[in-house]
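Engineer: Before I ask anything, let me first share the structure, which is written out below as structure tokens.
The values are calculated or read from the model by the stated rules, or taken from the named source; none is laboratory data. Model, not experiment: these values are computed from the prediction. Note: ideal-geometry Cβ built from the backbone for every residue, glycine included; neighbour counts use all protein chains shown. Heads up: the accessible areas ignore ligands, DNA and RNA and are worked out on the full protein's heavy atoms, side chains in. Shrake-Rupley method; radii C 1.70, N 1.55, O 1.52, S 1.80 Å.
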Amino acid sequence: MANTFTQIYIQVVFAVEWRQALISRDNREELHKYITGIVRNYGQKLLTINAQPDHLHMLLGLKPDIALSDLVREVKKSSTTFINDNHWVRGHFNWQEGFGGFSYSRSSLDSVIRYIQKQDQHHVKHSFKDEYKRLLRRFDIAFEEKYLFGFREE
């Protein structure tokens, strides 16, 4: 897109179906690389990514030539196929429907990158459910508990 100048940074968060802990630490780096390739193939920039056993965070530099929902749908669809083709889980792997998208200014990038990279330490103290609700509240996004990811009772 000639003469189009943008600066759009979005943190995307989505969960494994039923928040099952299916993403193995042994496979995490390979999953990160695979998703990075998907994002790049769509002409977008992945600033950082971190998969936890039951969810994933990524920070994107998004160009306006693709809708965020289209990019996330492709990431989830392709990575689901990749995980299943590699037999990383018993049965069938799926990402849960939906995602969270949170926008940031350029001046916030360093702290968001650190936050995403330190997810292992963060989740020692905080559940994903609490983290996700905190993000929604912080960004003043109205939500109803029944429409959040299919959280099993903890």
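Engineer: Given a 1.4 Å probe, how much area per residue of segment 43-91 is accessible, in Å²?
Structural biologist: 43
Engineer: What are the residues whose amide H is under 5 Å from the amide H of LEU47, where those residues sit 5 or more places off or on another chain and H is modelled from the backbone?
Structural biologist: It is LEU59, LEU60, GLY61, by chain and number.
Engineer: How high is the FRET efficiency between LEU148 and PHE5 when r is their beta carbon distance and R₀ equals 30 Å, given to the nearest 0.05?
Structural biologist: After rounding, the FRET efficiency stands at 0.25.
Engineer: So, with a 1.4 angstrom probe, what is the percent of accessible area on the chain that is carbon and sulfur?
Structural biologist: Heavy-atom surface of the chain belonging to carbon and sulfur, 1.4 Å probe: 46 percent.
Engineer: Taking R0 as 22 Å, what's the FRET efficiency between ARG134 and SER108 from their Cβ-Cβ distance, rounded to 0.05?
Structural biologist: For R0 = 22 Å, the calculated efficiency reads 0.85.
Engineer: Also, I was wondering about something else. Take the Cβ-Cβ distance between ASN41 and ASN84 as r, set R0 to 22 Å, and report the resulting FRET efficiency rounded to the nearest 0.05.
Structural biologist: Efficiency computed from Cβ-Cβ geometry: 0.65.
Engineer: Oh, and also: Each residue of segment 80-95 in order: what ³J(HN,Hα) in whole Hz does its phi give by Karplus 6.51 cos²θ - 1.76 cosθ + 1.60, θ = phi - 60°, with x for Gly and Pro?
Structural biologist: Couplings: 4, 4, 4, 5, 5, 5, 8, 6, 6, 10, 6, x, 10, 8, 8, 7 Hz.
Engineer: Something else: Kindly write out, for segment 101-111 in residue order, the coupling ³J(HN,Hα) from the Karplus curve 6.51 cos²θ - 1.76 cosθ + 1.60 (θ = phi - 60°), rounded to whole Hz, with x marking Gly and Pro.
Structural biologist: x, 10, 8, 9, 7, 4, 5, 9, 4, 4, 6
Engineer: Over the alpha carbons of the chain, what is the largest minus smallest coordinate on each principal axis, giving the biggest first in Å?
Structural biologist: Taking max minus min along each principal axis of the Cα atoms, the chain gives 48, 35, 27 Å.
Engineer: Moving to a separate point now. Using the basic label-point model (7 angstrom from Cα toward the beta carbon), what is the ILE141 to GLU17 distance in nanometres?
Structural biologist: 2.2
Engineer: How would you classify segment 64-123 from its alpha-carbon gyration tensor, with a ≥ b ≥ c the square roots of the eigenvalues: rounded for a/c under 1.5, else prolate if a/b is greater than b/c, otherwise oblate?
Structural biologist: In terms of gyration-tensor shape, oblate.
Engineer: Please list, in order along segment 48-57, the HN-Hα scalar couplings obtained from phi with the Karplus expression 6.51 cos²θ - 1.76 cosθ + 1.60 (θ = phi - 60°), rounded to whole Hz, x for Gly and Pro.
Structural biologist: Result, rounded to whole Hz: 6, 8, 7, 8, 9, x, 10, 6, 9, 10.
Engineer: Additional query: Can you give me the pair-distance distribution of segment 7-72, C-alpha pairs, 10 Å bins, whole percents?
Structural biologist: 21, 52, 24, 3
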